[in-house]
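Presented below is the structure to which this report refers.
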Amino acid sequence: MCTTMILTKQATADGSMMVTHSDDDEMADQRVVRVPAMDHPEGAMRPVFPQVAIYPRMVTDTRGPAYDTGGEPTRPIGFIPQVPHTYAYFDGNYGIVNEHNLMMGECTDGAKYVVSDPVTEEDAEKSGGPMRIFYSSELSRVALERCTTAREAIELMGHLIETYGFYSTGETLLVGDPDEAWVFEMCSLPDARYHSAWVAQRVPDGEVFVAANQFRIREIDPDDPDQMHSKFLFPGAERVGWWTPEAGPLDWLETVSTGEYRHPYYSLRRVWRVMDRVNPDLGLSPWVEGGYTKAYPFSIPPKAPLTREQVFGLYRDHYEGTEFDMTRGVAAGPFGDPHRFCGAYDSNSTDLSKGPQPMGAWERPISVFYQGYTFVNQVRPSAPDATRGVMWLGPDVSYTTCFSPFPTASDSLPWSYQTGSPAKLDREAAWWAFDFVGNWSRLNFRRMTEVDIRPLQSRLEARGAQRLAEWDEIAKDGGDDAHASVAEGARAHADEVVAAWWDLADRLVARYSNGYINVPGKAPRDIGYPTSWVARTEWADGPTRYAPRIGSPPSGE
């Protein structure tokens, strides 16, 4: 349930290629780990693990120390032939970026046909149906282990889907390298032979792409050099009755999906918001006729090239200043809290064609309360090899996190980012520092974010940018020492950020205790509530006189 973007080189201020992703994972495994490069013997087989939505996502000794955590090993659902050498990469709930700066982003999409569980080769033989062992998470990891370019990754993932089958919901993977970026989308088909399908489309140079839990590729042209597609797509769609040649060009979104993900505008509002912020001159409307609208282009040129800090800002959005502003209204409470918790009153369906429609729904912002982490991958063309690729990682909710830079050539990540379960508070885990502050901020969201959190966030992110420039200077001379120095600098900076966030957490607990502003050496100061909010409560009807309220029911009713 994520928001993911591509910013091509000509669309960024420094010429970087960027692939970004917020993993809105609802308290899943929040660790981001480094999987080392490995050599494998001839004849080795690579295990394929299932998608797991809770901590730990996998336990195995085949992918480095961060996943070799003890306990019951994760059981593979299949195996594929291993290659002699696999590349190092940063991994989360999906693959993120490898040592050759091949980058990935992801979002989950609604699909007409969903296979909830994998189908092993043994189960397929028993049922007579197709094997289905790949989900997008393992597809992205295999690609990062074996590929150096986006085209190579798409061809490999497409081959794996057609050979071993795809399961679960519809999925979008963004795939970028230093020179070009593609959108890769996939789903299951209800047919034993044509069991899975995928399409891919290149993002034009100089443009920005965004996906938010809805397929974004539309008409498929077999002769378009900027598109690729599965050999199963056309015969499979015709076989299951979703498309005929007489109907004209195959529209991928209309053919395989139900449009929106959970409710109207769950996806499209975020697509509109990013596009409108990137280029308001386009005058795109936030209101459309339906989930299959073509009102929003596949990608757009920005009004002006975007900086990295502006991209961070896109992820810190609650529709501020628009008619959908989530910091306003009664649901925001007295202190402008944009978070809206889900419940039985909201829609949890990925298929709008089934079941009753919800009675209502909250707007779905880009910065949502159940974010696990957000990253902005960038490849800077003029930077030295040791610092050319950078993963800027912010644990927990993007609005209240702090992005720290991790060069992709580094041989490690701080252990605090690679450890910790969301089910138990852990002061050794980076994610918990940010999650604690984010949750505590809801006691007085506007004041805490404006006075305490965002200023520290700005200072530390500026310091991260300054240190990245210093690492560039160190790396100019090249050599093994440069790589080691940069890696150590990144670890030290990240440790400093996490320590500063825990200090902030402790200060917030004391400063806002019992609804006061508490400053050492001074008497506690009342905060109260904004008068505009108080006026909407029962405060004015409180016990200010002995006479009964006008219109009050008699005692006992």
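The values are calculated or read from the model by the stated rules, or taken from the named source; none is laboratory data. Nothing here was measured: the structure is a model prediction, and the numbers come from that model. Note that we place each Cβ from the backbone using ideal geometry, even for glycine, and neighbour counts take in every protein chain shown.
Quick notes on this one:
- Here the stretch 327-341 is the region considered, the condition is being under 20 Å from the mean Cα position of the chain (by Cα) and buried (at least 18 other Cβ atoms within 10 Å of the Cβ), and the residue that is nearest to VAL451 (Cα to Cα) is PRO338.
- The set of residues in the stretch 130-160 being surrounded by 23 or more Cβ atoms within 10 Å (Cβ to Cβ) and over 21 Å from the mean Cα position of the chain (by Cα) consists of ARG132, ILE133, GLY158.
- Hits in the stretch 276-285 (condition: buried (at least 16 other Cβ atoms within 10 Å of the Cβ) and either assigned to a loop (DSSP other than H, G, I, E, B) or of a type in the set (S, T, N, Q) (or both)): ASN279, LEU284
- Residues of the stretch 212-247 satisfying the condition of being part of a loop (DSSP other than H, G, I, E, B), out of contact with any helix residue (DSSP H, G or I) (no Cβ under 9 Å at 6 or more places or on another chain) and either of a type in the set (A, V, I, L, M) or free of Cβ contacts under 8 Å to residues at least 24 places away in the same chain (or both): ASP223, ASP224, PRO225, VAL240, GLY241
- Among the conditions (1) over 30 Å from PHE369 (Cβ atoms); (2) in a loop (DSSP other than H, G, I, E, B); (3) basic (Lys, Arg), ARG31 misses just one, which is (1).
- Subset of the stretch 32-76 that is among the hydroxyl-bearing types (Ser, Thr, Tyr) and within 18 Å of TRP431 (Cβ to Cβ) - its residue that is farthest from the chain's Cα centre (by Cα): THR69
- Test: residue in the stretch 6-27 that is surrounded by fewer than 16 Cβ atoms within 10 Å (Cβ to Cβ) and at pLDDT below 95: yes
Residue-by-condition table, conditions (1) crowded, with 17+ Cβ neighbours inside 10 Å; (2) assigned by TED's automatic domain parsing to the domain that holds TYR89; (3) not small (Gly, Ala, Ser):
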{"residue": "GLN418", "(1), (2), (3)": "yes, no, yes"}
{"residue": "LEU425", "(1), (2), (3)": "no, no, yes"}
{"residue": "TRP432", "(1), (2), (3)": "yes, no, yes"}
{"residue": "ARG446", "(1), (2), (3)": "yes, no, yes"}
{"residue": "GLU450", "(1), (2), (3)": "no, no, yes"}
{"residue": "ARG454", "(1), (2), (3)": "no, no, yes"}
{"residue": "GLN457", "(1), (2), (3)": "yes, no, yes"}
{"residue": "ALA462", "(1), (2), (3)": "no, no, no"}
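- The residue that is farthest from the chain's Cα centre (by Cα), counting only those in the stretch 510-542 that are among the hydrophobic types (A, V, I, L, M, F, W, C) and surrounded by 11 or more Cβ atoms within 10 Å (Cβ to Cβ), is TRP539.
- Unique match (being closer than 30 Å to ASP385 by Cα and of a type in the set (A, V, I, L, M)) among MET103, MET58, MET45: MET103
- Within the stretch 120-132, residues that are of a type in the set (S, T, N, Q) have Cβ atoms under 9 Å from residues that are not in a strand (DSSP E or B) in these pairs: THR120/ILE77; THR120/MET131; THR120/ILE133, counting only partners at least 6 apart in sequence or on another chain.
- Residues that are assigned to a loop (DSSP other than H, G, I, E, B) and touching a Cys at 6+ places or on another chain (Cβ under 7 Å), drawn from the stretch 187-211: none
- If only residues of the stretch 421-450 that are part of a loop (DSSP other than H, G, I, E, B) and among the acidic types (Asp, Glu) are counted, the one that is farthest from GLY515 (Cα to Cα) is GLU428.
- Of all residues in the stretch 183-201, one or more are free of Cβ contacts under 8 Å to residues at least 40 places away in the same chain, within 20 Å of the chain's Cα centre (by Cα) and within 27 Å of ASP223 (Cβ to Cβ).
- Selection within the stretch 393-413: residues that are aliphatic (A, V, I, L, M) and part of a loop (DSSP other than H, G, I, E, B). The member of this set that is nearest to ASP91 (Cα to Cα) is LEU413.
- Residue in the stretch 279-301 that is under 26 Å from THR374 (Cα atoms), of a type outside the set (D, E, K, R) and under 18 Å from the mean Cα position of the chain (by Cα) present: no
- The stretch 106-125, subset within 18 Å of PHE49 (Cα to Cα) and hydroxyl-bearing (Ser, Thr, Tyr), residue surrounded by the most Cβ atoms within 10 Å (Cβ to Cβ): THR120
- Meets criteria (in contact with a helix residue (DSSP H, G or I) (Cβ under 6 Å, 6 or more places away or on another chain) and either surrounded by fewer than 21 Cβ atoms within 10 Å (Cβ to Cβ) or hydrophobic (A, V, I, L, M, F, W, C) (or both)) for TYR296: yes
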